[in-house]
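Values quoted throughout were computed directly from the atomic coordinates according to the rules given, and no laboratory measurement underlies them. This is a predicted model, so every value here is computed, not measured. Note that each Cβ is placed from the backbone with ideal geometry, even for glycine, and that neighbours are counted across all protein chains shown.
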Amino acid sequence: MKIMSHSKTKTSFYRRIYVTWLITRGINTVPKIIAATGMPRRTAQDTLEAIHELAIELENTNGSYQLINWGAVSPQWVETNINQLKEVLAYP
């Protein structure tokens, strides 16, 4: 079995999209994101802080995030490719 290696750019991009997708499903706080993905707290926090770099708009109210706008990302593409994102990131 061949193990695929993905660039940091790709995994960072996918992680930001995946976390945004989780937010749209009510997994919208750092503890919930950690529980759903197993990512370290600092990674979850850094990802949330960097999502805006993709022109994705989030609103943070007392640590609870809500999606305002997907920006340049197509939500249809995300839905179609969510399993690929999870596989690349090795998330459940």
- request: Could you check which residue among Q76, Q45, Q66 shows the biggest mean-square fluctuation in a GNM of the chain with a 10 Å Cα cutoff?
  value: Q76
task: Among Y14, P40, N62, pick out the residue whose Cα is farthest towards the positive end of the charge dipole of the chain, where Lys and Arg carry +1 and Asp and Glu carry -1 on C-beta, about the Cα centre.
output: P40
- request: Sum up the charges of everything whose Cβ sits under 13 Å from the Cβ of K8, counting Lys and Arg as +1 and Asp and Glu as -1, but leave K8 out.
  value: +2
- request: Report the relative contact order of the chain, percent, no decimals, based on alpha-carbon pairs under 8 angstrom and at least 6 residues apart.
  value: 31 percent
Where trypsin sites (Lys or Arg not before Pro) fall in DSSP loop in segment 1-78, at most 15 other Cβ within 10 Å: K2, R25
message: Using the Karplus curve 6.51 cos²θ - 1.76 cosθ + 1.60 with θ = phi - 60°, what ³J(HN,Hα) values do you get for each residue of segment 84-92, in whole Hz, with x for Gly and Pro?
response: 5, 4, 4, 5, 4, 7, 6, 9, x
- prompt: Which net charge results for the neighbourhood of I68, defined as the other residues with beta-carbon distances under 11 angstrom from its beta-carbon, given Lys and Arg at +1 and Asp and Glu at -1?
  reply: -2
- prompt: With +1 on each Lys and Arg Cβ and -1 on each Asp and Glu Cβ, how big is the dipole of the chain about its Cα centre, in debye rounded to the nearest 20?
  reply: 400 debye
query: When Lys and Arg each count +1 and Asp and Glu each count -1, what net charge do the other residues less than 13 Å away from I51, Cβ to Cβ, add up to?
result: -3
